[in-house]
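*Asks:* Quick one: this structure, given as structure tokens, is what I'll be asking you about.
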Amino acid sequence: MDKCLDNNNHVRDQRQFIFDVVKYSEDLPDVGQLKRRAVEVEFTNSIATIWCIVKLSEKVAVIGWLRFGFDLTRFEYLDEHHEHLVDIQATEVIELYHVELEALKKPVAREIGYELVDHRVELFGRIINQI
């Protein structure tokens, strides 16, 4: 039986722990950060187990994978809709919701002859130096 799908308590506890770490993180953790946070609370999971859990979670729509290219993958708990801005210097991902950006999506799609059924907007930038 696939260890990710195993129904014993230990495996369920591991899955729930990883789900909770992602859900309650103030940032969007990568797999290394998930491993470090598990070790910090003495809930050791191997990197392989963590990958297994996040792969399963994507199938059941609990945790979303954010792949931003240049080898940057982060995980987020799937709840409210929002967009992402990637700081290309610090490789940090910032969650954002902007009313005007949301309002533009459907009209833009309609203008070029499409009905918008889903979307993903990713912004890439760097902090503007302030004097």
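Read the figures in this text as sums done on the coordinates, not as results from a lab. No experiment lies behind these values; they were computed from the predicted model shown. As a convention, Cβ positions derive from the backbone with ideal geometry for all residues, glycine included, and neighbour counts pool all protein chains shown.
*Asks:* With labels modelled as points extended 7 Å from the Cα through the Cβ direction, what inter-label distance (nm, one decimal) is found for Glu26 paired with Glu92?
*Replies:* If labels sit at Glu26 and Glu92, their model points lie 1.1 nm apart.
*Asks:* Please state, rounded to one decimal and in Å, the Kirkwood hydrodynamic radius that the stretch 14-74 gives when every pair of distinct Cα atoms enters the mean of 1/r.
*Replies:* Values: mean 1/r = 0.0857 Å⁻¹.
About 11.7 Å, per the Kirkwood formula over Cα pairs.
*Asks:* Counting Lys and Arg as +1 and Asp and Glu as -1, what is the net charge of the other residues whose Cβ lies under 11 Å from the Cβ of Asp79? Before the final figure, lay out each step's value.
*Replies:* Working: positive: Lys23; negative: Glu76, Glu80, Glu95.
Taking every other residue near Asp79 into account, the sum is -2.
*Asks:* Go through (i) 11.3; (ii) 10.4; (iii) 16.8 and flag the label whose value is the computed mean projected area of the Cα convex hull in nm² for this structure.
*Replies:* Read-out from the structure maps to (i).
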